[in-house]
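The values are calculated or read from the model by the stated rules, or taken from the named source; none is laboratory data. What you are looking at is a predicted structure, and each value in this text was computed from that prediction instead of being measured. Note that each Cβ is placed from the backbone with ideal geometry, even for glycine, and that neighbours are counted across all protein chains shown. With ligands, DNA and RNA removed, areas are computed over all heavy atoms of the protein, side chains included. Shrake-Rupley method; radii C 1.70, N 1.55, O 1.52, S 1.80 Å.
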Amino acid sequence: MSGDSDLIKLYSQRILALAADIPHHGRLDAPQASLRKRAPLCGSTVTVDLDIADGRITRFAQDVKACALGQAAAALMGAAIIGRSRDEVACARDALRAMLTEGGTPPGAPFAGYEVLTPARDYRNRHASIMLSLDTTVEAMDAAAQAQSA
């Protein structure tokens, strides 16, 4: 029964509160880039719509269909995403991946708060859902930059 209690601890009140209040939830009209990604293991999906100017996000929306952990990760990202460069988002993505898989430290400012997901390290089947919002945003930024240079 300890597996059940560990899973209950994983879904802390903080994670559930984040999951219930995702910033920039929804879709944009006529975004420069729109990208949908799916985590194959769990079926979570995130669709990101965004605009960039001078290499920074100016408009952003995300449609998140994921477990509470994926939703919490999307909420943390959404709270800090406006005005961020691709390098900042990629750095947060890489730090989060290292936190989950290598025991690394959580992403720092402006993407603070991911330490709440530290207990998910032991649940590898949840990692793709947690990574989905940052992964999708980096790829959408790349698509928007390509569209601007075309």
| said: Just the residues that are at pLDDT below 95 and of a type in the set (A, V, I, L, M, F, W, C), please, taken from segment 39-52. | reply: 39, 41, 42
| query | Given the structure, is residue 91 in contact with a Cys (Cβ under 8 Å, 6 or more places away or on another chain) and either open to solvent by 20 Å² or more (accessible area, probe 1.4 Å) or of a type in the set (D, E, K, R) (or both)? | reply | no
| Which of the following residues is part of a helix (DSSP H, G or I) and either in contact (Cβ under 8 Å) with a residue 12 or more places away in the chain or of a type in the set (Val, Ile, Thr) (or both): 61, 90, 98? | 90
| query | Using beta carbons and a limit of 8 Å, which pairs, at least six apart or on different chains, have the first residue in segment 109-131 and farther than 25 Å from residue 47 by Cβ and touching a residue at least 40 places away in the same chain (Cβ under 8 Å) and the second one assigned to a loop (DSSP other than H, G, I, E, B) and open to solvent by less than 50 Å² (accessible area, probe 1.4 Å)? | reply | 119/12
| task | Looking only at segment 34-65, count how many residues are within 21 Å of residue 112 (Cα to Cα) and open to solvent by less than 40 Å² (accessible area, probe 1.4 Å). | result | 7
| request: Looking only at segment 110-144, count how many residues are closer than 11 Å to residue 77 by Cβ and part of a helix (DSSP H, G or I). | output: 10
| request: Give me a count of the residues in segment 66-87 that are farther than 13 Å from residue 138 by Cβ, surrounded by 24 or more Cβ atoms within 10 Å (Cβ to Cβ) and touching a strand residue (DSSP E or B) at 6+ places or on another chain (Cβ under 8 Å). | output: 4
| query | Can you tell which of 26, 78, 55, 70 is in contact with a Cys (Cβ under 9 Å, 6 or more places away or on another chain) and not hydrophobic (A, V, I, L, M, F, W, C)? | reply | 70
| field | Within segment 116-150, considering residues that are at pLDDT 95 or above and open to solvent by 50 Å² or more (accessible area, probe 1.4 Å), the one farthest from the chain's Cα centre (by Cα) | value | 142
| Right, residue 147: farther than 26 Å from residue 14 by Cα, touching a residue at least 12 places away in the same chain (Cβ under 8 Å) and assigned to a helix (DSSP H, G or I) or not? | yes
